[in-house]
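The values are calculated or read from the model by the stated rules, or taken from the named source; none is laboratory data. Note that the structure is predicted; figures quoted are calculated from it, not measured. As a convention, Cβ positions derive from the backbone with ideal geometry for all residues, glycine included, and neighbour counts pool all protein chains shown. The protein model used for the area step is the full one, side chains on, heavy atoms only, and it has no ligands, DNA or RNA in it. Shrake-Rupley method; radii C 1.70, N 1.55, O 1.52, S 1.80 Å.
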Amino acid sequence: MRWDNLTAGSGDSGDTRDSGSAGGTQRGRAEAALFGAEAVVTRTFDTPEFRGITFHEVRARSIINRVPGASRMPFEWTVNPYRGCSHACVYCFARKTHSYLDLDTGLGFDSQIVVKVNAPELLRRQLASPRWHGEHIAMGTNVDCYQRAEGRYRLMPGIVAALRDRANPFSILTKGTLILRDLDLLTQAAEVTDVGVSVSVGFTDAELWRTVEPGTPSPERRLDVVRALGERGIGCAVLMAPVIPFLSDGPDQLRATVRAIAASGAASVTPLTLHLRPGAREWFMAWLGRRHPHLTPRYERLYADGAYAPTWYQRRITRQVHDLAREYGIGPARPGEARRLRPPEPPAPGPDGAATTGPTQLTLL
């Protein structure tokens, strides 16, 4: 991503200011140091859903990003139309990325959103390049591409359409219900390429949700997304993430969550325990100290060796969730699970009246 020149669009009701104006000089210098001296347009909108949020509109130079080789992610390429996320999840591992822009990784991450306004057309151009070989692209793996900003900027319809038109395989992970707006596009894409959709629901405890994921739709609404996708023939997996030690990992809590996931018709459920990378760790531990100070020593012991909970703890949670999933008739995600062969169409008769055969189309569950 690069900061680049961008002028305000006509008819915009938001307040607009250049990144080098009063109050933005220090940030503007950091942006210039990282991305050049070009201007960034910033906007605020005086509407309830965006109050307190500042949007930094940039024109990216590149939109398909290679995942670092040392990453644990099971994919190599991503597209991220946004930086920062108004979901405001206190545990979000992506918080550290805001520091690269000299933006705050705490409240700044939740309220200073970078918008790559040219993402759809840039993606279309990069997909058409002879240097691109049609590899799988993952979205929503850094910050949510269906966060509230997407309701304003509408970048995802153009992104999904570009992938559909090139028959490029892709996947989306989201906590947002706005994905249902693009259901027709996703259905069309699934007719021509491999499409995977996963919804993140780590727990169903309403009180916990309000405190750790304050900007997200409720777990119940997210499971409604799973249900709606299934009704359209798009098998949707659930990433049960994060399972939060000592707050959402009790046997009754795990059972209630897996039971609700199963009732939504999810194609699979895969648990992922909380991990606390630098940036997220400091923000989460400060929240923990305010809300659950008695747990602070336990977390310091559990995460003493780094960002991840001990292997024994991860295995215990995985085993419990998988046992519950089998009990409720669902299971962990497996390669190719979201695909099936469409029932073959009757063969067309040949010139002599004999049946001929043709290719079988792959589609989603």
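Annotations
- Hey, Arg316 open to solvent by 70 Å² or more (accessible area, probe 1.4 Å) and at pLDDT 95 or above or not: yes
- Region 211-315 holds helices (runs of 4 or more DSSP H) entirely within its bounds, and those carrying 2 or more residues that are over 21 Å from the mean Cα position of the chain (by Cα), of a type outside the set (Phe, Trp, Tyr) and under 29 Å from Arg181 (Cβ atoms) map to 251-263.
- Among the criteria (1) under 12 Å from the mean Cα position of the chain (by Cα); (2) without any contact (Cβ under 8 Å) to a residue 60 or more places away in the chain, the one Arg181 does not fulfil is (1).
- Residues that are under 20 Å from Val192 (Cα atoms) and under 16 Å from the mean Cα position of the chain (by Cα), drawn from region 150-168: Met156, Pro157, Ile159, Val160
- Residue tally, condition part of a helix (DSSP H, G or I) and over 26 Å from Phe55 (Cβ atoms), over region 152-182: 2
- Here the condition is being modelled with pLDDT of 75 or more and surrounded by fewer than 14 Cβ atoms within 10 Å (Cβ to Cβ); of Gly52, Gly11, it holds for Gly52 alone.
- Per-region count, region 119-134, residues farther than 18 Å from Pro169 by Cβ and in a loop (DSSP other than H, G, I, E, B): 1
- Qualifying residue in region 216-235 (condition: at positive phi and modelled with pLDDT of 95 or more): no
- Of the residues making up region 198-210, those that are open to solvent by 20 Å² or more (accessible area, probe 1.4 Å), more than 20 Å from Leu180 (Cβ to Cβ) and either part of a helix (DSSP H, G or I) or at pLDDT below 95 (or both) are Ala206, Glu207, Arg210.
- Hits in region 110-139 (condition: under 15 Å from Asn80 (Cα atoms) and either without any contact (Cβ under 8 Å) to a residue 40 or more places away in the chain or open to solvent by 50 Å² or more (accessible area, probe 1.4 Å) (or both)): Glu121, Arg124, His136
- Residue selected from region 232-263 under the condition among the charged types (D, E, K, R) and in contact (Cβ under 8 Å) with a residue 24 or more places away in the chain, by the criterion least open to solvent (accessible area, probe 1.4 Å): Asp249
- Restricting Tyr146, Tyr153 to those that are surrounded by fewer than 20 Cβ atoms within 10 Å (Cβ to Cβ), closer than 24 Å to Phe45 by Cα and in contact (Cβ under 8 Å) with a residue 12 or more places away in the chain reduces the list to Tyr153.
- Residue under evaluation Gln188, criteria (1) in contact (Cβ under 8 Å) with a residue 12 or more places away in the chain; (2) of a type outside the set (D, E, K, R); (3) in contact with a Pro (Cβ under 9 Å, 6 or more places away or on another chain); (4) open to solvent by 30 Å² or more (accessible area, probe 1.4 Å), criterion not met: (3)
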